[in-house]
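The values are calculated or read from the model by the stated rules, or taken from the named source; none is laboratory data. All values reported here derive from a predicted model rather than from experimental measurement. In this analysis, Cβ positions are derived from the backbone assuming ideal geometry, glycine residues included, and neighbour counts consider all displayed protein chains. The protein model used for the area step is the full one, side chains on, heavy atoms only, and it has no ligands, DNA or RNA in it. Shrake-Rupley method; radii C 1.70, N 1.55, O 1.52, S 1.80 Å.
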Amino acid sequence: MASTQTPPADYEKYHVPESSSLAVRATIGLITTVFGAALVLNDMTFGDSEAPSSAKWVLIAGLLFFTATLASWFGTAIKENIQGLNSAQLSHSYVLGMFWFIFSEVMFFAAFFGVLFYVRQLAGPWLAGEGDGGRMNGLLWPGFEFVWPPVTTPQESVGGVDSQLIANNGVFGTSERSMAFADAHHWYQWLPMWNTIILLTSSFTCHVAHAGILKGDIKKFNRWLAVTVALGIVFVFLQAAEYYEAYQHFGLTLNSGIYGSTFFLLTGFHGFHVAMGMTMLLIQLIRSVKGKHFSASDHFGFEASSWYWHFVDVVWVFLFLFVYIL
Amino acid sequence: MNFKTVAKACVVSLLVSGPTWALAQNQINMAKGVTEVGAQIYGLHMLIFWICAVIGVAVFAVMFYSIIYHRKSRGVTPAQFHDSTQVEIIWTIIPFLILIGMAVPATSTLLEVYNTDDAEIDILITGYQWKWKYEYLDEQGDNVVFFSNLATSQEEIYNTDAKGANYLLSVDEPMVIPVDTKVRFLVTANDVIHSWWVPELAVKRDAIPGFINEAWTKVPTEGVYRGQCTELCGAYHGFMPIEVHAVSREEYDAWLAAKRSEKVAQTAAAQQALGFEELMASGEAVYRAQCSACHGAQGEGGVGNAIAGSAIALGEVAKHLEVGIKGVAGTAMQAFGGQLSDVDMAAVITYQRNAFGNNTGDIVQPADVVNHKQG
Amino acid sequence: MGAHHGPAKGMSRWLLTTNHKDIGTMYLWFSFAMFILGGAFAMVIRAELFQPGMQLVEPGFFNQMTTLHGLVMVFGAIMPSFVGLANWMIPMMIGAPDMALPRMNNWSFWILPPSFLMLASTLFMEGGAPAFGWTFYAPLSTTYAPPSVTFFIFAIHILGVSSIMGSINIIATVMNMRAPGMSYMKMPLFVWTWLITAFLLVAVMPVLAGAVTMMLMDIHFGTSFFSAAGGGDPVLFQHVFWFFGHPEVYIIILPAFGVVSQIIPAFSRKPLFGYASMVYATASIALLSFIVWAHHMYTVGMPVAGELFFMYATMLIAVPTGVKVFNWITTMWRGALSFETPMLFCLGFLVLFTLGGFTGLMLSIAPADFQYHDTYFVVAHFHYVMVAGAVFSMTAAVYYWIPKWTGRMYSESMGRIHFWVSFIGFNIAFFPQHFVGLAGMPRRIPDYSLQFADFNMMSSIGAFIYGASQLLFLYNVIVTIVAGEKVGEDKIWDGAEGLEWTVPCPAPYHTFEVPPKIDAVSAHA
Ligand code: HEA
Ligand code: HEA
Ligand code: CUA
Ligand SMILES: [Cu+2]
């Protein structure tokens, strides 16, 4: 039924790299990193925090090694591309790889959004004694009322101490304010709004850059890509400013009950992804300016990064909607 | 060749018939249950079982027919058909219909289980690592509260004593409920998730810290019903049984009244000073029941720190009381203040300070405990 | 270029390889090692449960055994074994030169061993290994967990990374590397089931990563996702976990379905019945698996509407699974059957998996599950589907393809002995667990009341027999590799179909560097 014979005329060989130490190096880097991270966290939480610890050096060494390996990995892939080893079919493998990677990221955020909806729609009201799920919960948390954003935690509603029936669960405070839009007079001080504008704009500029490269206009490409990266930097900066404000002025911290938890989880992981996407775009910019790597027909590195960037942007829109507005 | 077929047929038919044979003896099938809901669930269980058994027999019959008659060694030539939309549709639809047949009784039973309205008695059940607390809620606020601990001795568990009849299934103080009365259980937990299950009442509800789940029962016949915690809750998850005594209404009322007067007596006892011997004796009992699992029978430690030679047990009384009453946050050492009576607390602290070679000579009185609690 | 090179020599062949066969081999050996390790934990469990009373281990340690047994078996033994199989077979089955992303392929493998090393090392840490079950419900796994939980969390993260990369690779390979003419509906069923499994993995592993991330934050950063005092909910953890966990069990079983769908036609000498409906059934099972997760949580006190929804959805899964069972049996119907070891294991699979499926259906009935939940009835259910399902089919796959891998034939008589010992041992071990479960024995307990004594002893004896039969398996495999009879022809089994049987035995280091031509005749038929 099948026979191994002469290849079809248009057959381009699929490049299977010989053998490579990249995977093993990346493994060492990754494992050292997480091992170091676990040591650091355990020192922090379970150990004697006074004692000097070498844990952080393990973490730092791991991170450096891992980053260096990733750099040389991508470097190798780029070199192979320049050598012309990548057939159209191989490039398509990269496209698929990036696409499904982004899909997995979508699911990662979906889990966190699911958590947000669950605590807002179900767990919160139940704790306040409403609905099928928690009719009698008033016995545990008398006086707890649920509104979103929550002004109080169940624990605080019973006087800041543990409920009579719940022991040793840590102390959860509340914040004076949420990050939602509060003050119509000072709307221009509301950072999330600016961040939304910035990210949406950057998605647009990224698209303009793409249009540029598709026409072979490298100058235009570089210019607009630079603008995109700059906007990304501003976003991260503003996000940091917002966190500072939350901690310093609003008393909103990771310990502020479920609002603080979901707020920092969602915005934090998003911010981290923005930083990653920005770095990816920055690398493409450097490649384009220094290495003249891209042409109208060959710019996958940029394309992949730009997909990632648009993805991060879309996540933000949902975030803005569900974390800040609704 | 052929004996293998026979061997296989035997093994498989044994397997298929296993459950049927199981029906004959009660202990290998689900408890029929004494309550109405229990009986319904049992019926449901048997219904699905038989449906599956019939389908299984049909499916495996076809399979074994092929195995026996369509084997290559008989020289058959294989057919080559590989599709038939018609049969495929049929065997999609028939199972679907069977499922609907199961879903109908399942739904009505489920609704019944969930109907906790109109209960006469409310009992708040709280799971602790590793015991249950029962609180009979009273409209006047005169709640009856007590803990229910495993009654099996460490010696039985560690095989140095013969195991008793209700090994691992008996408690020091059972839950008591009246028969023919709808009792509502409000189930929660103090630390981790537990699950309160009594098979014969067909009640299983997870005890979630911070939330209250509802369940109910109405027991028609007097008797003792036993169960166990069924959610992994830490090291001694296997050692937190449940014992429910269903008694007549009169007995129940008498029991409740006795509990109430016990409570009054305890408050009174807390005012009295006790002798050293007396404290040590009851302290030892409390220690063995409550503390030894973690601190060791000889105070040598285990999950918890050693008591023998412990700086706290040899140091200030106030600090020792603090640990006993409030526990140590974030460790397995929980707050025993709400679990032990003041007398028991005084006794066990006295005991810890004077046993296992800790010879402080201190006597801690119930009044000290009361004072400590009041700050 | 290096196209005509054989493998490199020594250690570096394995460390640095980008060859799908080498990587497949490493996955297979690794998973077998993990199977032994997880099995050793199970032997500790069964030994302690041999009699009532505490004999060998302390209760806390028993829980560590249960936890690590579940984790190692699921994440270390079963999943990597099927990934290994995918690596070996998918490129050969679709006529591809290798996996689509070979270097990443190697990375996916190599992060596994160290992460399991990290997981196993928790046994020696202060406070002991994780003891909260493989389902790690909060707050037992957060506020009340030993310090080693941090290492556990990172180990899970890395397993997730590995699975996601592995699946992306499989998806890219299947979508992009099929030989010309190999249309989707011509792919062997094993490839199909893996493609769908890979989608499941990419969809749910990130959710598991999210769950452990929130745990990490609750433990170390003072958040309150799973703590009611701060406005969270411990049950929320279960929802997130089972959103991953239920699809996970189909991740385990779908490739097994694929294997069985290759082997039964081969030994029936008859094409697979209902190829298309097999594909649709697999897809339906995968889709349904996203909306049934809370059937593991019937007793947590969900609102009754939720309870009903999840009950109906779960019951529905019996329909596509039934289609599969019926198709396999119809494949055998009027075939010309022979019963070599791979076929025996597939028949074992068919009978026992169906029994496990029936108990699954019983569990899906919410009110009845109130009585079954967290008892040994559940333990029996999932060992029927996972051991007699996944492990049996994996064993069948090894016997079926080992001539292709090594160029040598296994000993048929030893294979049959292995089958019968494990079939009988398995049933002695796990059938009585239905009884004790129904009679009320909870799971995850180190000691039990006296009425369960006899069946537990029986179960332990069966488990030892089954365990010993795995040593026999190991022996068979090693003997085959070093001293098995060399095979001459490409096609070992007269009824087998598929591209892998068009290349020599053992399969050369590089196959299909030039894509084969697929005839108009469908490849699977
Ligand atoms: C390979 C893994 C695997 C597979 C395939 C399955 C398959 C199924 N499982 Fe199972 N399950 C597990 C692994 C698996 N399970 C594990 C690991 C756990 C426990 C986790 C833990 O708590 O640790 C579990 C627990 C579990 C529970 C929770 C029990 C509890 O904790 O209380 C439930 C409840 O609904 C359930 C249901 C099902 C159903 C309905 C199927 C169906 O897919 C079965 C479908 C198959 C058939 C029905 C047989 C063939 C069909 C026919 C012949 C057609 C005709 C039939 C009829 C119409 C009746 N499973
Ligand atoms: C696919 C996954 C898988 C596999 C293959 C197995 C295989 C086995 N399982 Fe496992 N099991 C689970 C997944 C799996 N299990 C899960 C998910 C749980 C739930 C965990 C939890 O509750 O959190 C569980 C729980 C579980 C329990 C319940 C524990 C409890 O609730 O406390 C028991 C008890 O009997 C058990 C037994 C066994 C046995 C005897 C085997 C045997 O099949 C193992 C056979 C293999 C070997 C034995 C290894 C090979 C041989 C040797 C190592 C040589 C030594 C042998 C001898 C000396 C005889 N398992
Ligand atoms: Cu309490 Cu298990
Ligand atoms: Cu499930």
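Quick notes
- In Å, descending, principal axis extents of the Cα set of the protein assembly as shown: 103, 83, 56
- With one equal scatterer per alpha carbon and no solvent term, the Debye-computed log10 I(q)/I(0) for chain A at 0.08, 0.09, 0.14, 0.16 1/Å reads -0.54, -0.66, -1.24, -1.40.
- Inter-label distance, nm, simple model (7 Å from Cα along the C-beta direction), C:VAL304/B:ASP172: 4.0
- Pairs of Cα atoms farther than 33 Å apart, chain C, %: 39
- The share of alpha-carbon pairs in chain B lying farther apart than 32 Å comes to 51%.
- Pairwise FRET efficiency - B:SER153 versus B:VAL264, Cβ, R0 = 30 Å, nearest 0.05: 0.45
- Sequence-separation-based contact order of chain B, relative, with Cα cut under 8 Å and 6+ spacing, percent: 12
- On the beta carbon distance between B:ALA273 and C:GLU126, with R0 = 41 Å, the FRET formula returns roughly 0.45.
- Taken residue by residue and averaged, Cβ atoms of other chains lying within 10 Å of the Cβ of C:164-175 number 4.
- Rounded to the nearest whole Hz, the Karplus-based 3J(HN,Hα) values (6.51 cos²θ - 1.76 cosθ + 1.60, θ = phi - 60°) of segment B:64-75 follow the sequence 5, 4, 4, 4, 7, 9, 10, 9, 4, 5, 8, x, with x at glycine and proline.
- Amide hydrogen neighbours beyond the local backbone of B:ILE177, cut-off 5 Å, H modeled: B:HIS245, B:ALA246, B:VAL247
- Backbone HN-Hα couplings from phi across segment C:422-433 [Karplus 6.51/-1.76/1.60, Hz, Gly and Pro as x]: 6, 4, 5, x, 4, 5, 5, 6, 9, 5, x, 5
- Percent antiparallel among DSSP beta bridges (both partners in the protein assembly as shown, rounded to 5): 75
- Expected 222 nm ellipticity per residue - DSSP helices of 4 or more, -39500 (n - 2.57), all of chain B, to 500: -14000 deg cm²/dmol
- Chain C packed on chain B takes about 8400 Å² of accessible surface away from a 1.4 Å probe, both sides summed.
- Ordering of C:228-236, A:306-314, A:66-74, C:106-114 by packing is C:228-236, C:106-114, A:306-314, A:66-74, highest average first (other Cβ atoms within 10 Å, averaged per residue).
- Beta bridge orientation in chain B: antiparallel %, DSSP, nearest 5: 70
- Tilt relative to chain C, helix C:112-121 - C-alpha long axis, 0 to 90 degrees, to 10: 30
- Here segment C:247-395 is treated as a sphere whose radius is the Kirkwood value from Cα pairs; by Stokes-Einstein at 4 °C and 1.567 mPa s it diffuses with a coefficient of 81 µm²/s.
- A viscosity of 0.692 mPa s and a temperature of 37 °C, combined with the Kirkwood radius over Cα pairs in Stokes-Einstein, give a translational diffusion coefficient for segment B:270-374 of 248 µm²/s.
- Projected label points at C:SER12 and A:LEU238, each 7 Å from Cα along the beta carbon direction, are separated by 5.2 nanometres.
- Shielding by partners for peptide B:109-118, expressed as the average number of C-beta atoms from other protein chains within 10 Å of each residue's C-beta, is 4.
- Computed from the Cβ-Cβ distance with R0 of 30 Å, the FRET efficiency linking C:ILE36 to C:ARG416 stands at 0.85.
- Over segment B:121-267: Kirkwood hydrodynamic radius from C-alpha pairwise inverse distances, Å: 15.7
- The C-alpha atoms of chain C define a longest principal axis, and helix C:453-483 lies at about 30 degrees to it.
- Only helices enter the 222 nm calculation for chain A: every DSSP H run of n ≥ 4 contributes -39,500 (n - 2.57), and dividing by all residues gives -20500 deg cm²/dmol, rounded to 500.
- Inter-label distance for A:GLU245 and C:ILE481, nm, one decimal - labels placed 7 Å from Cα along Cα-to-Cβ: 6.3
- Taking the Cα centre of the protein assembly as shown as origin and assigning +1 to Lys and Arg Cβ atoms and -1 to Asp and Glu Cβ atoms, the resulting dipole is close to 5040 debye.
- Put simply, the amide H of B:TRP216, placed in the peptide plane, has neighbours under 5 Å in B:PHE185, leaving out anything fewer than 5 places away on its chain.
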